[in-house]
Amino acid sequence: MFNKIEGKYQPSDFEDEIYQFWSNKNYFHAEVDKNREPFSIVIPPPNVTGYLHVGHALNNTLQDVIIRYKRMKGYNATWIPGTDHAGIATQNVVERYLNENNTGRYQLGREKFVEEVWKWKEKYGSRIISQLKSLGCSCDWDRQRFTFDNDYCEAVTTEFITLYNEGLIYRGNYMINWCPGCRTAISDIEVDHIEKKGYLWEIKYPVADESTGLPSSDEYIKVATTRPETMLGDTAVAVNPLDKRFRHLKGKKVFLPLAQRVIPVIEDDYVDMDFGSGAVKVTPAHDPNDFEMGKRHNLEEVNIFNDDATLNDAAGKYKGLDRYEARRKVLKDLEEMGYLLGRREHVSSVGQCCRCDTVVEPRISLQWFVSMKKLSVPAIEAVKEGRVRIIPGKWEKIYFDWMENIKDWCISRQLWWGHRIPVWYCTGCGHMIVSRDRPIKCPECGCGEIIQDPDVLDTWFSSCLWPFATLGWPGETEELDHFFPTSVLITAHDIIFFWVARMIMMSLHFKNDVPFREVFINPLVNDALGKKMSKSRGNVVDPMGIIGKNGADVLRFTLTSLTTPGRNLLLGSEKIEGTRNFANKIWNASRFVLSNIPGIENDSYMRIDKSSLNLWDRWILSRLNKVIDDVENFLSGYNFSFACRALQDFFWSDFCDWYLESSKVRLYGAAEPGEKNTVRAVLLKVLDSYLKLLHPFMPFVTERIWQSIPHQGESIMMEAYPVCDHDFIDRKAMRQIETIFEVISEIRKIRSELKINPSDRVKACLCFKNDDESRLLSENEEYLFALARVSGLSYTEPPGLKGYIKTTTGKADIYIYIMDVVDLELEKNRITGEMAGLKADIKKSEGKLANPDFMEKAPANVICKEKEKLERRSNIFRTLKEQLDRINSIKN
């Protein structure tokens with residue numbers, strides 16, 4: 001199927017073909033197999049009409065790394081994919097589309113609007129699935145689910161009816177968060193609280209004359225509010241019972257300006273005597289704390305807002321005004337009438353809808369709720385007992401804080417797209433029926449006029465069943481028995497409360513078991529400067545653009561290599577470019593190996609005779625097995641960045657820079673045929689094992705190269721993951737090679753510093769304190785000649801030291817003769833000139849950073865860059881100074 005690898009690394013030439021190959025072979029699918037240990041993951045279902053953003057790319061790459069790794073480890077591994085109907089989000093998208101086409105949901109009506117949403121889903125629903133495939137996700141596509149599938153709808157209905165019958169779902173008029181933009185109730189955790197600057201207005205509420213009810217001309221209570229328009233819904237003024245300033249007003253009433261009515265003065269412990277004047281207006285219909293106070297004092301609840309946050313009939317002459325226009329008009333009227341006492345700047349926390357950013361209105365509304373306290377207790381215990389482990393551990397504290405202070409969950413939404421609430425009402429007698437199917441007639445009065453509750457369920461009410469409903473619940477299926485509980489959930493921290501906690505609660509309630517054993521909270525993806533990505537900042541990274549330009553493997557490895565538990569990920573073009581270079585390195589090194597293997601079609605070169613291995617062979621096989629061990633350990637702790645660093649360092653440094661270069665000594669030199677075959681066997685062994693080790697991270701390029709080397713199976717993804725063979729870890733060989741590396745590296749460093757032409761060889765004298773180390777270097781001279789570009793070696797200090805530059809490794813003093821390869825005076829002038837330029841630049845940077853004006857006014861990233869420049873230039877200056885000192889120490 002695949003030809004030998006040739007030319008440049010061009011992922012677009014093979015990635016799609018390889019994914020199709022995997023799909024055709026059905027490698028991603030897992031059947032129930034009682035003889036194999038299961039490993040299962042459920043995908044956090046993306047919105048059905050969504051598209052792949054960089055957060056999705058990170059999250060799904062990490063899941064794919066784990067599932068490919070476990071599959072290669074021999075587990076019966078399945079990764080269950082799917083999409084979420086995403087009630088509010090999808091409805092908003094379709095409504096915007098309709099508005100752009102001069103229509104809307106109210107013009108269409110409910111039935112036709114839902115039809116339009118289904119059309120939208122059919123048109124765009126496969127987009128994100130296609131993008132996940134481009135990323136290389138090895139999901140079990142045969143098990144793909146949608147939260148609006150018929151059997152999934154059955155699960156949601158079962159959930160509602162069961163909880164209702166158990167008394168855990170109830171309906172009532174309570175304070176909720178209302179989004180005027182989405183025109184629906186939303187839960188507390190769908191509200192983002194933003195600190196905003198505004199004003200605290202002080203308003204005069206005159207004390208009412210007890211005999212006439214008219215406002216007093218000289219006695220009043222001063223109240224402070226950030227929302228003066230809501231005073232139209234006030235039904236009391238409250239003071240603290242311990243506040244002596246207001247004791248004379250106990251039992252009195254005050255005149256409510258603009259509304260032309262009187263309201264009582266009440267005493268309540270909630271009032272903070274030190275805030276404002278110590279008296280607060282009470283608006284039970286539009287503030288959660290006032291709502292509770294109103295219940296304690298049997299206050300009237302006056303709702304002044306329509307669903308779109310315009311004012312209603314209860315607002316009198318302000319009816320029809322937008323809330324902010326009403327605020328301006330109310331303040332103007334208060335001032336003209338002498339009731340506005342003043343204002344002062346104030347910072348308050350303003351609730352915004354997390355989907356449309358509209359400021360949320362607290363309001364009393366008839367809604368459906370889930371009672372959460374009983375459900376939360378077992379879910380708290382499950383995490384405390386370690387049955388669910390949240391990684392990093394810091395998120396457990398946040399989980400506990402929320403769960404231990406949990407509030408009842410408002411699950412009804414005033415939308416048309418979503419799971420309809422399975423509740424019916426008799427139009428004749430008003431009787432409520434909770435039923436799976438539409439009742440034929442009312443069981444109370446026999447009336448046949450039955451209507452369904454118009455509301456739909458919160459999206460999270462359906463998605464909290466995801467780990468077990470995707471496997472067939474409420475039925476008892478083989479898949480549910482085999483793959484549940486799932487093994488790990490990988491998700492972002494912003495849905496710990498929306499989704500993770502609720503899955504744990506519902507799983508324990510309905511399945512009497514946890515939904516997953518571990519939860520890994522992946523980091524957020526920020527830009528290279530650590531800033532959150534947003535369209536307004538212009539720093540959004542398009543993952544599909546990166547895939548188109550560099551291939552999926554480059555994006556995957558970049559994201560994975562930056563993933564450290566508990567730390568946000570900083571993604572920039574330099575990181576992507578670095579990974580592209582790494583992929584090129586893998587490609588080119590593999591081409592080198594394959595080009596030096598005659599008779600590549602047979603696998604005889606894969607067999608290694610340990611007795612024929614030299615020091616370099618034993619060292620690279622030691623390093624290979626060490627990195628296998630390291631990668632397994634890092635993956636077990638979800639420390640993806642360390643695993644990637646180990647993989648990259650091994651291949652680039654150990655294999656390419658050292659072993660591959662050293663192999664040329666035997667391949668191209670006078671080595672015996674047996675020695676040549678040994679080095680070929682080791683090259684192939686290391687490449688084969690490394691490709692398998694790297695495969696979960698970079699599946700496409702590893703598959704493409706693996707298909708070009710001798711192999712037995714059909715695909716690398718179905719091969720066994722490498723296992724550390726401790727018999728091949730030769731610590732003595734690693735110590736000895738390290739000694740050789742130190743010498744070669746030091747000679748290379750001097751050559752680089754003095755800019756000695758690569759084609760020029762130098763003479764060197766190595767003076768070891770230890771005879772064994774001298775003998776070791778002597779036995780490996782041919783490698784020093786090749787890798788350090790040395791023309792001659794001796795092991796005694798040169799007489800007189802004339803023309804030699806001295807350096808040391810700590811174990812050995814190294815003398816390098818440079819008179820015939822370096823013009824000392826020219827080199828001194830070059831270094832002196834560079835130092836002079838750097839000195840001027842350093843002085844300039846120091847001046848900037850010492851300038852208070854610059855430090856106060858310059859953006860943080862500019863200051864940071866200047867500090868980096870100063871540090872970099874200072875380091876170069878010190879290095880040049882060392883070089884100059886070395887040259888000056890040479891005896892002529």
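The values are calculated or read from the model by the stated rules, or taken from the named source; none is laboratory data. Treat the numbers as computed from the prediction; the structure is a model and nothing was measured. Here the Cβ is made from the backbone with ideal geometry for all residues, glycine too, and neighbour counts use every protein chain on show. Heads up: the accessible areas ignore ligands, DNA and RNA and are worked out on the full protein's heavy atoms, side chains in. Shrake-Rupley method; radii C 1.70, N 1.55, O 1.52, S 1.80 Å.
Average the reciprocal distances over every distinct pair of alpha-carbons in the stretch 100-205, invert the result, and give the Kirkwood radius in Å.
19.5 Å
Using only Cα atoms and rounding to the nearest 10 degrees, what angle (0 to 90) does helix 54-72 make with the longest principal axis of the chain?
Rounded to the nearest ten degrees, it is 60.
Compute the acute angle (0 to 90°) between the alpha-carbon long axis of helix 731-753 and the principal axis of greatest extent of the alpha-carbon atoms of the chain; round to the nearest 10°.
Its long axis makes an angle of about 90 degrees.
Counting other C-beta atoms within 10 Å, and keeping those with at most 10, which DSSP coil GluC sites (Glu not before Pro) do you find in the stretch 538-603?
Of the GluC sites (Glu not before Pro), the ones in loops of the stretch 538-603 whose Cβ has at most 10 other Cβ atoms within 10 Å are Glu601.
How about the stretch 459-548: which GluC sites (Glu not before Pro) there lie in a loop by DSSP and see at most 15 other Cβ atoms within 10 Å? Please list the in-between numbers first.
Working: sites: Glu476, Glu478, Glu479, Glu518; in loops: Glu476.
Those satisfying the criteria are Glu476.
Return, ordered by residue number, the residues of the stretch 155-179 whose backbone nitrogen is under 18 Å from a label point located 7 Å along Cα→Cβ of Arg436.
Answer for this model: 155-166.
Using the alpha-carbon centroid of each, what span in Å lies between the stretch 719-763 and the stretch 228-249?
80 Å
Of all the accessible heavy-atom surface of the stretch 637-747, with the other protein chains kept in place and a 1.4 Å probe, what percent is carbon and sulfur?
46 percent
At 1.4 Å probe size, what's the solvent-accessible area of Arg328? Round to the nearest 10 Å².
Probe radius 1.4 Å; accessible area of Arg328 about 140 Å².
On average over all directions, what projected area in square nanometres does the chain have, based on the convex hull of its Cα atoms?
Hull-based average projected area comes out at 50.5 nm².
Rounded to the nearest Å, what's the spacing between the alpha carbon centres of the stretch 626-699 and the stretch 491-513? Just the number, please.
The stretch 626-699 and the stretch 491-513 have Cα centres spaced 42 Å from each other.
If I compute solvent accessible area with a 1.4 Å probe over the protein chains, what percent of it on the stretch 462-516 is carbon and sulfur?
42 percent
Counting only protein heavy atoms and a 1.4 Å probe, tell me what percentage of the stretch 127-173's accessible area is made up of carbon and sulfur.
38 percent
Using alpha carbons only, how many angstrom separate the centre of the stretch 70-93 from the centre of the stretch 126-167?
Comparing the Cα centres of the stretch 70-93 and the stretch 126-167, I get a distance of 8 Å.
How far apart, in nanometres, would the label points at Asp649 and Glu122 be if each is projected 7 angstrom from Cα along the Cα-to-Cβ direction?
5.6 nm
Going Cα to Cα from Lys123, which lysines come in below 17 Å? Please leave out same-chain ones fewer than 8 positions away.
Candidates past the 8-residue exclusion: Lys112.
With respect to the cross-link table entries Lys664/Lys755; Lys197/Lys865; Lys196/Lys332; Lys34/Lys626; Lys70/Lys685, which display a Cα-Cα separation exceeding 27 Å?
Lys197/Lys865; Lys34/Lys626
Along its principal axes, what span do the Cα atoms of the stretch 449-568 show, with the longest given first and each in whole Å?
The Cα atoms of the stretch 449-568 stretch 56, 42, 28 Å along the principal axes, largest first.
Using only the alpha-carbon atoms, how far is helix 573-595 inclined from the longest principal axis of the chain? Give it as 0 to 90 degrees, nearest 10.
40 degrees
To the nearest whole percent, what portion of all C-alpha pairs in the stretch 540-667 is separated by more than 17 angstrom? Walk me through the numbers before you get to the answer.
Values: 5418 of 8128 pairs.
The answer is 67 percent, as a whole percent.
Counting only C-alpha contacts under 8 Å and six or more residues apart, can you give the relative contact order of the stretch 376-534 as a whole percent?
25 percent
For the chain, what is the calculated [θ] at 222 nm in deg cm²/dmol (nearest 500), taking -39500 (n - 2.57) for each run of four or more DSSP H residues and dividing by its residue count?
So the calculated ellipticity at 222 nm is -13000 deg cm²/dmol.
For a quick check of your reading of the filter: which GluC sites (Glu not before Pro) in the stretch 201-298 sit in a DSSP loop and have no more than 16 other Cβ atoms within 10 Å? Intermediate values should be presented prior to the final figure.
Values: sites: Glu202, Glu210, Glu219, Glu229, Glu267, Glu292; in loops: Glu210.
The qualifying sites are Glu210.
Could you work out the relative contact order of the chain, using alpha carbon pairs under 8 angstrom and six or more residues apart, expressed as a whole percent?
Result for the chain is 12 percent.
If you average over every viewing direction, what projected area does the convex hull of the Cα atoms of the stretch 738-808 give, in nm²? If you can, show how the numbers build up before the last one.
Details: hull surface 18.7 nm².
If you wrap the Cα atoms of the stretch 738-808 in a convex hull and average its projections, you get 4.7 nm².
More than 27 Å apart: what percent of Cα pairs in the stretch 588-747 qualify?
Of all Cα-Cα pairs in the stretch 588-747, 21 percent lie more than 27 Å apart.
Note the direction-averaged projected area, equal to a quarter of the hull surface, for the Cα convex hull of the stretch 267-424, in nm².
Mean orientational projected area (the stretch 267-424, Cα hull): 15.0 nm².
Can you pull the Rg over Rh of the stretch 16-122, Cα-only, Kirkwood?
1.14
Counting heavy atoms of the protein chains only and a 1.4 Å probe, report the per residue accessible area for the chain as a whole number of Å².
Value for the chain: 45 Å² per residue.
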